[in-house]
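Q: Attaching a single structure in structure tokens format; questions to follow.
The values are calculated or read from the model by the stated rules, or taken from the named source; none is laboratory data. Because the structure is predicted, anything quoted here is derived from the model rather than measured. Here the Cβ positions follow ideal geometry from the backbone for every residue, glycine too, while neighbour counts run over all protein chains shown.
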Amino acid sequence: MSLNKCKGFLITSLFICAIGHAQENNTMEKDSISMQNLNEVVVTGESQVMSLSKKLFAVGVLDQRDIAKVAGNNLADILNYNLNITVTPDPSTGRSTISMFGLDGQYVKVLIDGIPMASDNGMGNNIDITQINLEDVERIEIVEGSMGVLYGDNAVAGVINIVTKRGLDHAKWQLQLSVQEETVGDEYEWFDKGRHIQNAKLSHQLSERTSISIGGSRNDFAGFYNGYKGKNYVNIQDNAVVNDGLRGMEWNPKEQFTAFGNLNTGLGKHSIFYKFQYYDETVAVYNRNVNGRLNSDTGMVEPTALDENFDTQRVMNNLNISGPLKGQTIYNLSFSQQTQKRYYQQYVYNILQRGIESYTADNLSQSSEIWYSKGFVGNMIPKSDFFNLQLGYEFTHQTGFDAIATGEYSNDVVENTLENYDFFGVADFNVSDRFSIFPGVRYTNNSQFGNKLIWSLSSTYDITDTFKVKAIFGSAFRAPNFEELFFYFVDSNHNVQGNPNLNPEDGISIFLNLEHKFRLGESSMLKTAFKSYYFDIKDKIASVVTTDEEDRNLFTFDNVDYSKILGFSLENSLMMDRWQLSLGATYLGESTAIDESQVSNSDYLWSFNLQSSVGYTIPSINTTLSTQLKYNGRTQVVLNDSGGPVIGQTDDFTWMDASVRTNITKNFNITLGARNIFDIVRVNASDVPSGAHGSSVSSSRLFGNGRSYFLKLLYNLNFN
Amino acid sequence: MKKTILLKAIALMLILSSCSDDDGENLVDFTATFASATVSTTEEETSKEIVLNFSRSASEDGTITVSYSGDNAEYGTDFTTSPDGSSGTISVPVTSGDTNASFTFNKLTNAIEGTTKSVTFTIDGFSDADWSTGSTSSALVSYTPIAATSGIIDTENGGSNQPNQVYFDFSTGVQTAVRRDLWEIGLYNGTENRVFLNNSLSVAAVELTGVTDLLSMTESSELPAPMELVTYSFVTEQLEPVNVTTVAELTAGLPIGYNQYGNLEQGISFTDGPEGALEGTAFAEISTTPEENYVYLVSLGKEIPTDPAPVGSIATTGDPRPIIKVRILSDGNSYTIQYADLNETTTISEVTVPKDAAHNITAFSLTHGETVSVEPAKEEWDINLSGVFTYYGYQGPIAAGLTYSDYVVHNTLGGVGMYQVTIEGDVPTYANFTMADVDESALVYDDRTVVGSGWRDAFGGVINSDRYYVLKDADGNYYKMNFTAYTNTEGERGHFQFTYERL
């Protein structure tokens, strides 16, 4: 292809040009990177009204520097290295979900500027984190623990808040363009293999208080073959198809497009922030099986395959207004309207002709629309040093349907409406300068399961200015999901139905956080944090066998299990001249009881994780070297087997990335790196759920796509 | 200056790296193949069109050269062709865009009684070097009707509800599709007096031992003696004992399903054995002494659903049909069927059906009280693609009422033998299997489930390509058969396809 040659030439000339340029300008930029580093640690960023309250919780922050060093395009690229978070990809659907403290994505709430994000059939939880683009992100805040009072349902394990970048610091205009080329394992081609990313963003500071920004990002992941042979493969022997299972891909291809824009302005003392986002994602699913029907006219085999296509579109409009209400009392109001639609296509692909013969399905399979509002009034009693109060409300109205979650056998894909009215309040009792107590309470009224009361109690004690203790005692609940409520599959051999009468799962967490900062010198600092945590989750939803009115066996869901999680972690970070080092470890145990009524209490099953990163800056050549490592210890879970509970496990494995980032000119930088250096693809596992008929038992779990290399070129132009 | 060059370069790269490769080309090889390997002509027919099919439409004009050889047939005296073939070959024209071509065989004489007379046409060459011969390179045109030698059969089981069972005869290539719900019981026409159940409709029957008065038993009746049975429990995932003392308790466990009652250790099964043996029927042998024939409770099975199942799935068993009471008598030459609704206490329906030597069994509808035409005559079918097939039996360690789909049985009562060839080691593939490879001793005549549902893997979604089948019909013809599909291209179940060839 002549285009390929042309592109190869381009990239070569780009390099030559860039290197030539670098030699002229490498003295221009000073030590801005290391200075920035230090600021990040000291400043807590309280001025951002929409960020999570650092007063009440221990907030972990990943900033643009952290994103840049792994050349992260979406949230899945960077969360792998968080000590208490595991990213689990599902190669067949292309979704990646997170688990925190061993609790899956349904227990973690993801917010964008404080507003929960629409997910496949919910609000905020069970988010596919590959769908969250990082191009316009300022930082990512991670709070661990049950945050029900401030963030509502499903904030059981923790909350992740994505904060949008707004405004420009130095110039009137900024144009950012970047391209990123990645291998997927050792697979790479200009078009059909690897990962290809393009980003563009234009920001403009209209006046001191008003800025706008628009941009787009495209991420074309061509899939991971890993020995599979793609969509045009078929094995024909003696005019008959041999199904060797090699058609398709290990990890299906996915193409994502995000367009975004925001407006940040002020009216008097009031700040207004509006954000728009459009997201489109296409996932192609290639059938491993080939239909080898013969053409009865010619007698020749005409191999076809039934392939699928999922197209998800999401539109988000978020508006936030904040300002003083009276005196020092402030208000903060958020409104959001979000829609998500998923289109499903199934078609007959003729493998030899390489074309689509016919469509067997082409419809809207999932749709939801969400109206959301949250508001609070804070600092209500500014005159009192001892007592203060914050009061707020949260409202969610969600309508939609999901034909897949309710089961493909469901005859009545009905539209469901879910409404939440919540009111919450948090009080401050500043007992002394160093000791504060914050009790909080939230009342939820949900149209599905009625009323619910959540509470929390946190306290901070500053032993010295640099040695602080926080204790957080909070509750939260996970609402039953769509499938658990409405799934339906009934025929002569099957009777599987959701349970509309499910109650939410109740979770309580206790966090103890000790943090000590040591200033070691002019530009050196050590931060040490010790955490201990305990989760108690009752009424966990699990599948059960019971009988229906006609005395037939009914497979359904009920609130029967519970689990307890106990853990300890120690995190250290050190800044020293050109070095940034971190080392952390966590030791986590989970005790699960499957079906409380049966005596199947298990002991705590422990797992150990280790995380470390090293960064080194060479100012003379404007280059930062960084590497990070995470050891994921063996994890065990209790599984319900026909012979009683058994322990299944996933073996340990280690992630490691390394990258070099260099500013070739003030405006142009290159990041070159390697992901997954230990070449992890599959990890042995004996806890993979088998299919309904036990036909697809797998003894391993897919975590990665092997050692990959990436190159990112970023051009950043500021002008007035 | 350089800034703008860089900017332009990156912008260009953005554009370039965001396009994708959608190029496609026509990669199907052009092949020509005879539409049929054998063509029979009748005495009345004077000409026959012989068709050559292409794998795709021809992209250019050309010709296909066909040669011929006669068996008791001479060009010019016994036959001619159009286009002319007096030179020894026929040039069949191919026009660009066509998907087939043909020539005409003109019959000038007829075969003399008792002798064979035929012409074999063979593809000999092409005007285009890229063209090639497909699967059937020659066609035999017979002056008399002959047994089919091969074929590709798309069965008429009717989709994801599998509403039809299909009888197929290899020597005539005729398939007969019959709805599964036309009948419930089959009366055996041989010397023994036996009654089969329609196991493609989940029919089940239990004997009320000792009861001869049909009207005396209703739902509330006590059984003459308690029955010690077992049933599969989903909760404990094993067989649990169940003691049955009333008719109502017994009917709860009569219909076929995972928790159907039975007790194989005691030889109690409410269904016919899967093998199809006379001794394995749920009904005891019908005695010519009336008082030895007891009343049976018969579950009339399950309705055939009408809503199609989702792609890749089946919906073959619908609402349960009623349970009725039946008593069958015989004088050795006919059967007398007495039946009534379960709670009927005054009126008995009675139908007498004579034995019919032409068929293995005579199908009878207890729903409509009459015989129905289901099976072709006993030498006119070799296999029955019954779709649904049910019986009480073991699945692993547990016994349950099992429901299969995509099931195939062969005509053991009609003297058809069949065996499965599993490709391993130096066993020939289907394409290479010849008459010399037939293992006469492997042919199974006492178990009709040789094919069963093992030809496909419904959970894996594929045909099991490690096996094919050898069949010997009652006339001594040998065939090999190989399944090629169990869904249509759009993934709908219940559209089987197989190919077969006479050895």
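Q: Residues to consider are B:Glu344, B:Glu375; find the one that is more than 30 Å from A:Val490 (Cα to Cα) and in contact with a Phe, Trp or Tyr (Cβ under 9 Å, 6 or more places away or on another chain).
A: When all the criteria are applied, what remains is B:Glu375.
Q: Here is a follow-up. On the basis of being at pLDDT below 90, buried (at least 22 other Cβ atoms within 10 Å of the Cβ) and over 26 Å from B:Gly414 (Cα atoms), does B:Gly257 make the cut?
A: Judged against the criteria, B:Gly257 is a match.
Q: Please specify each residue of segment A:295-329 satisfying the condition of being touching a residue at least 24 places away in the same chain (Cβ under 8 Å), under 23 Å from A:Phe273 (Cα atoms) and not small (Gly, Ala, Ser).
A: A:Arg314, A:Val315, A:Met316, A:Asn317, A:Asn318, A:Leu319, A:Asn320, A:Ile321, A:Pro324, A:Leu325, A:Gln328, A:Thr329
Q: Somewhere in segment A:657-667, is a residue under 19 Å from A:Val184 (Cα atoms), away from chain B (no Cβ under 14 Å), buried (at least 18 other Cβ atoms within 10 Å of the Cβ) and acidic (Asp, Glu)?
A: The answer is yes; a qualifying residue exists.
Q: Go through segment B:57-90 and report how many residues are of a type outside the set (A, V, I, L, M), more than 14 Å from B:Thr120 (Cβ to Cβ) and not in a strand (DSSP E or B).
A: 10
Q: Mind telling me which of the residues B:Asp319, B:Asp307, B:Asp331 ends up being in contact with a Ser or Thr (Cβ under 7 Å, 6 or more places away or on another chain) and acidic (Asp, Glu)?
A: Exactly one residue qualifies, and that residue is B:Asp331.
Q: For segment A:202-216, name all the residues that are among the polar types (S, T, N, Q) and surrounded by 18 or more Cβ atoms within 10 Å (Cβ to Cβ).
A: A:Ser203, A:Gln205, A:Ser211, A:Ser213, listed by residue number.
So that you can scan it fast, the table gives a plain yes or no per residue for (1) within 21 Å of the chain's Cα centre (by Cα); (2) free of Cβ contacts under 8 Å to residues at least 40 places away in the same chain:
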| position | (1), (2) |
| --- | --- |
| B:Val353 | no, no |
| B:Asp356 | no, no |
| B:Leu385 | yes, no |
| B:Gly425 | no, yes |
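Q: In this structure, does B:Gly332 turn out to be in a loop (DSSP other than H, G, I, E, B), buried (at least 16 other Cβ atoms within 10 Å of the Cβ) and at positive phi?
A: So B:Gly332 does not fit the description; no.
Q: Return a yes/no flag: does segment A:511-519 have any residue that is touching a helix residue (DSSP H, G or I) at 6+ places or on another chain (Cβ under 7 Å) and surrounded by 17 or more Cβ atoms within 10 Å (Cβ to Cβ).
A: Checked against the condition, which is being touching a helix residue (DSSP H, G or I) at 6+ places or on another chain (Cβ under 7 Å) and surrounded by 17 or more Cβ atoms within 10 Å (Cβ to Cβ), segment A:511-519 yields no hits at all.
Q: If the requirement is being surrounded by fewer than 17 Cβ atoms within 10 Å (Cβ to Cβ) and either modelled with pLDDT of 90 or more or not in a loop (DSSP other than H, G, I, E, B) (or both), which of these qualifies: A:Leu485, A:Leu453?
A: From the options A:Leu485, A:Leu453, the qualifying one is A:Leu453.
Q: Based on what the data block shows, is B:Tyr404 within 14 Å of another protein chain (Cβ to nearest Cβ) and crowded, with 16+ Cβ neighbours inside 10 Å?
A: Yes; evaluated as a whole, the condition is true for this residue.
Q: Also: Taking the options A:Val159, A:Val163, name whichever one is part of a strand (DSSP E or B), surrounded by 24 or more Cβ atoms within 10 Å (Cβ to Cβ) and not aromatic (Phe, Trp, Tyr).
A: Unique residue meeting the criteria: A:Val159.
Q: Just wondering, is there one or more residues in segment A:159-171 that are within 11 Å of chain B (Cβ to nearest Cβ) and of a type outside the set (Val, Ile, Thr)?
A: For segment A:159-171, residues within 11 Å of chain B (Cβ to nearest Cβ) and of a type outside the set (Val, Ile, Thr): absent.
Q: Since A:Asp548 meets every condition but one in (1) away from chain B (no Cβ under 14 Å); (2) out of contact with any helix residue (DSSP H, G or I) (no Cβ under 7 Å at 6 or more places or on another chain), which condition does it not meet?
A: Here A:Asp548 clears every test but (1).
Q: Of these, B:Thr122, B:Thr104, B:Thr133, B:Thr95, which one is more than 14 Å from every other protein chain (Cβ to nearest Cβ), under 25 Å from B:Lys480 (Cα atoms) and either touching a residue at least 24 places away in the same chain (Cβ under 8 Å) or surrounded by fewer than 18 Cβ atoms within 10 Å (Cβ to Cβ) (or both)?
A: B:Thr122
Q: Can you tell me how many residues within segment A:294-317 are at pLDDT 90 or above and assigned to a loop (DSSP other than H, G, I, E, B)?
A: 1
Q: Follow-up question, since we're still on this one. Consider segment A:288-306. How many of its residues are buried (at least 20 other Cβ atoms within 10 Å of the Cβ), more than 7 Å from every other protein chain (Cβ to nearest Cβ) and farther than 25 Å from B:Ser137 by Cβ?
A: The number of residues fulfilling the criteria is 2.
Q: Applying the selection to segment A:333-371, what residues are more than 14 Å from chain B (Cβ to nearest Cβ) and not in a strand (DSSP E or B)?
A: none
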